[in-house]
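*Asks:* Quick one: structure below, then a few questions.
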């Protein structure tokens, strides 16, 4: 597995691709957060645009639909002044029977600089990065149940803005840990950044075996797990899981694992509530909590643009510097 | 109803949203026309772009398909150097069960500056404006049978370019007044701008009750209604009305309410013929009239870009000025 | 037919539209290649953008799906800093029953400067150019079985980059000549540029009658036809031809007309292999040949951007100069 972790880095240990949090050094995660801080200020200006990636071509290569994630990457790219190409690969390139690698080779030949990849299969972004030309960076915008690293980093950015540090925090992730690429990336980010305690809270059927090896504490009781936490991250419940053997009814789930008004009221005064969106009101979280004072859900969306701008500019900067050094 | 009218204006009575013509003061309509005049000149230059909205994000939020209207708003935004995001909300955001308000909150959190809204339900743009964040302007690109104010203003622009004034004009609107958001907005614009006489001409089944209260004269006979008019505005006949109880056959409609060559020939020499498009040739208007000397239909399309640029830049200018004053 | 050829040229014999290679003078083809050479250098820079068409509006008017061709035109336009509008006309404009000419008139009224047209019917781009307003240029991005002139010019560009001349070359085009707009445009380009010998190689059912009149030599035996060639251009086999009377099975076709490893090995040492893409591996070309040392298939894709930038800027430059002279 180690080649996977290192392929994200240049020999100088700068970001070349951004595929998963796993294996990235703490200093690099801090560099992403620090860079995002400068872009967050750009977003607050009347003129929300910088010429950093002007003349670059960024391809949104979406094998799985996601208007929201595509939109945030598109906005991030445009605010960096890059040219953006949206390709819904599901419906287009392979309709003439062309292979994935031929599609990639063609986009590379068009002098694309970056692929933002969303795919329903775990490992797809790594596969594409492994076969990418030297002048192309790959950013994972979510692959199967594996990873969603920009989501995790925007969550870290939001936590740092509120608490300024990770070392004294207890963070709980609640919901379908088993199928969540978001949770997996969050756990790696939180532990790498030195979070005091990371908890995962879910019914047994929704917790992967051996997850303690990632350095987390497992709780099956929500009220117990929420005691003394500083950050609660609620995961979206994929309703399609309901039909299977994983879950009881929506009502029973809400009673046992929903962040109700009563539960939110028992949190520490300064605790914040997060959610990657889109939220299912009344399924995993009460409407009043999602819209309440503790909720930082919309801040997460705002920070998502800044963090994606940071990751894009760092990837582009590093590998171009490398190419010049080699030339 | 009065809060609706005022919510379009800042305390300084500048344009904050553009939702309907109803309730807007004459001076403001004139300001839109004057501003559009400067943008019309931009469109005639080899370099059809100004940096006015550079760094702004404009979202085309279309709940109802309309390639033509979306295209004109997209071009208007690009010629103002804004970044444009096209969202077909019908197929995307709500597919994961997210509510309209959650979609809006997310787009606002992405620091969008303006929503251009098209919706099949009357009142949708007002609803969105009422719930919009302070930094967002809303432009109504057509809501149900209610209003289509940018269409009305491009029509006013076209009339003013030809006659220079409204006070001595007689304007007739012909066709399905009952279901037409275009007609409703045109009537408000024409009366606010002090048009001498506004006529609506249609069969009884296609005229709303009490429409005289808007200050128009009703005619059921086309030949009578067209006497001495300076401007004829033909409405598009929605063919789906044919199947209901509203209308006789297409041929009978054309005979009674179509702008035939013979009828066009009897108009005053300087009279002009308008149509919001797309036209049904041989249904509500003869091909030879649509393409003839009196027709200003394509001028309307050209003016549509300039008027939309004017409305966008006025909304953006006013509410940003307000925000700065508050800051 | 002669009006067709001349309608591509201004009175000063500059490029006004780009519809087919047929009838274009050699000097003009050379000017396209020379201009593309400068744009190829732009593509190799870190900043792949020039402000040449800033403020211009280019409409991709695609009546037939083609993600790849649309993408290359979109990138070419964006790298020239133009604003691009993508219209999938199949699904949009005509859904309200509007005629093609009305759609064109409307896009012209929006002050579009250029239409890039792809259509399933031969002659569609000529038809549109014949009816276009004076301020609009039309570029044929493929019409039926007729022409695909930008594809032919990127092929010429690739050949010239490898050999520096055409006068001493033997070029073979292999495959479904009968239905190929690419082959037709390539033949005209090669003969106009003074290629020593142009061969077409295909079964009798896939060769148009009287093709020798275009100045080519016909071969039905691939091994014989490939002797002493400098350039082999393999055409994509449209699999839908298989079901008809034109062709035997895929395997038989590959045995008789596929560019196998063995056949490629018998080519002259400096010979190159081309393909317009997307390739059918193992149908018309062996995978090892497509990815092998002789293959310049991906270079063709890269050159496609530069050639399209050249054609766009030449068309735009010439007819604007003409318009100014007339003004």
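*Asks:* When you scan the stretch B:275-290, how many residues do you find that are more than 12 Å from residue B:301 (Cα to Cα), more than 11 Å from chain C (Cβ to nearest Cβ) and surrounded by 21 or more Cβ atoms within 10 Å (Cβ to Cβ)?
*Replies:* Residues that pass the stated criteria total 3.
*Asks:* Which helices (runs of 4 or more DSSP H) does the stretch B:112-226 wholly contain that include 3 or more residues that are surrounded by 24 or more Cβ atoms within 10 Å (Cβ to Cβ)?
*Replies:* Working: elements: B:124-130, B:149-163, B:181-192, B:222-225.
Per the criteria, B:149-163, B:181-192.
*Asks:* Could I ask something else about it? Kindly indicate the residue of the stretch C:91-111 that is at pLDDT 85 or above and assigned to a loop (DSSP other than H, G, I, E, B) and also nearest to residue B:279 (Cα to Cα) among those meeting that condition.
*Replies:* We begin by selecting, within the stretch C:91-111, every residue at pLDDT 85 or above; these are C:100-111.
Add one more test, that the residue is assigned to a loop (DSSP other than H, G, I, E, B), and what stays is C:110-111.
Working: C:110: 17, C:111: 20 Å.
Once the filter is applied, the top-ranked residue is C:110.
*Asks:* Condition first: more than 7 Å from chain A (Cβ to nearest Cβ) and free of Cβ contacts under 8 Å to residues at least 40 places away in the same chain. Now tell me which residues in the stretch B:104-116 satisfy that.
*Replies:* Initial filter on the stretch B:104-116 (more than 7 Å from chain A (Cβ to nearest Cβ)): B:104, B:107-108, B:112-116.
Selection gives B:104, B:108.
*Asks:* I want to confirm something. Restricting to the stretch B:11-24 and keeping residues that are surrounded by fewer than 17 Cβ atoms within 10 Å (Cβ to Cβ) and in contact (Cβ under 8 Å) with a residue 24 or more places away in the chain, which single residue is farthest from residue B:162 (Cα to Cα)?
*Replies:* Looking at the filtered set, the residue picked out is B:11.
*Asks:* So for the stretch A:186-193 (the condition being in the same structural domain as residue A:291 (by TED's automatic domain parsing) and more than 18 Å from residue A:148 (Cα to Cα)), does at least one residue qualify? Give the steps one after another, and end with the answer.
*Replies:* Quick first cut of the stretch A:186-193, residues in the same structural domain as residue A:291 (by TED's automatic domain parsing) only: A:186-193.
Filter again for more than 18 Å from residue A:148 (Cα to Cα), leaving none.
No: zero hits.
*Asks:* Going residue by residue through the stretch B:50-66, is there one that turns out to be in contact with a strand residue (DSSP E or B) (Cβ under 8 Å, 6 or more places away or on another chain) and in a helix (DSSP H, G or I)?
*Replies:* Within the stretch B:50-66, not a single residue is in contact with a strand residue (DSSP E or B) (Cβ under 8 Å, 6 or more places away or on another chain) and in a helix (DSSP H, G or I).
*Asks:* Name the residue that is farthest from residue C:110 (Cα to Cα), counting only residues in the stretch C:39-60 that are away from chain A (no Cβ under 14 Å) and without any contact (Cβ under 8 Å) to a residue 60 or more places away in the chain. Talk me through it step by step, then tell me what you get.
*Replies:* To start, the set of residues in the stretch C:39-60 that are away from chain A (no Cβ under 14 Å) comprises C:55-57, C:59.
Cutting the leftovers down to without any contact (Cβ under 8 Å) to a residue 60 or more places away in the chain gives us C:55, C:57, C:59.
Numbers: C:55: 13, C:57: 9, C:59: 11 Å.
So the residue we want is C:55.
*Asks:* Identify, by number, the condition in (1) away from every other protein chain (no Cβ under 12 Å); (2) in contact (Cβ under 8 Å) with a residue 40 or more places away in the chain; (3) on the phi < 0 side of the Ramachandran plot that residue C:131 doesn't meet.
*Replies:* (2)
*Asks:* Can I ask one more? What number of residues within the stretch C:270-294 are under 17 Å from residue A:103 (Cβ atoms), assigned to a loop (DSSP other than H, G, I, E, B) and either touching a strand residue (DSSP E or B) at 6+ places or on another chain (Cβ under 7 Å) or touching a residue at least 60 places away in the same chain (Cβ under 8 Å) (or both)?
*Replies:* Within the stretch C:270-294, residues that are under 17 Å from residue A:103 (Cβ atoms), assigned to a loop (DSSP other than H, G, I, E, B) and either touching a strand residue (DSSP E or B) at 6+ places or on another chain (Cβ under 7 Å) or touching a residue at least 60 places away in the same chain (Cβ under 8 Å) (or both) number 5.
*Asks:* Would you check which residues across the stretch C:220-231 are under 23 Å from the mean Cα position of the chain (by Cα) and over 9 Å from residue C:267 (Cα atoms) and list them?
*Replies:* Residue satisfying the conditions is C:231 alone.
*Asks:* Only one of C:186, C:238, C:213 is under 22 Å from the mean Cα position of the chain (by Cα), farther than 20 Å from residue C:294 by Cβ and at pLDDT 95 or above; which?
*Replies:* Values: C:186 fails: farther than 20 Å from residue C:294 by Cβ; C:238 fails: at pLDDT 95 or above.
Result: C:213 is the single residue among C:186, C:238, C:213 that is under 22 Å from the mean Cα position of the chain (by Cα), farther than 20 Å from residue C:294 by Cβ and at pLDDT 95 or above.
*Asks:* Another question, if that's okay. Just to check your reading of the model, which residue among A:79, A:54 is in contact with a helix residue (DSSP H, G or I) (Cβ under 7 Å, 6 or more places away or on another chain) and outside the structural domain of residue A:180 (by TED's automatic domain parsing)?
*Replies:* Numbers: A:54 fails: in contact with a helix residue (DSSP H, G or I) (Cβ under 7 Å, 6 or more places away or on another chain).
None of the others qualify; the one that does is A:79.
*Asks:* Additional query: Counting only residues that are modelled with pLDDT under 95 and away from every other protein chain (no Cβ under 12 Å), which one in the stretch C:291-327 is farthest from residue C:36 (Cα to Cα)?
*Replies:* Going through the qualifying residues, I end up with C:326.
*Asks:* For the stretch B:241-251, which residues satisfy the criterion of being surrounded by 15 or more Cβ atoms within 10 Å (Cβ to Cβ) and either more than 25 Å from residue B:190 (Cβ to Cβ) or at pLDDT 85 or above (or both)?
*Replies:* Correct list: B:247, B:250.
*Asks:* Return the residues of the stretch A:197-210 that are modelled with pLDDT under 95 and farther than 19 Å from residue A:22 by Cβ; say none if nothing qualifies.
*Replies:* Within the stretch A:197-210, A:203, A:204, A:205, A:206 qualify.
The values are calculated or read from the model by the stated rules, or taken from the named source; none is laboratory data. Keep in mind the model is a prediction, meaning the values are calculated, not measured. Counting neighbours? That spans all protein chains shown, and the Cβs are built from the backbone with ideal geometry, glycine included.
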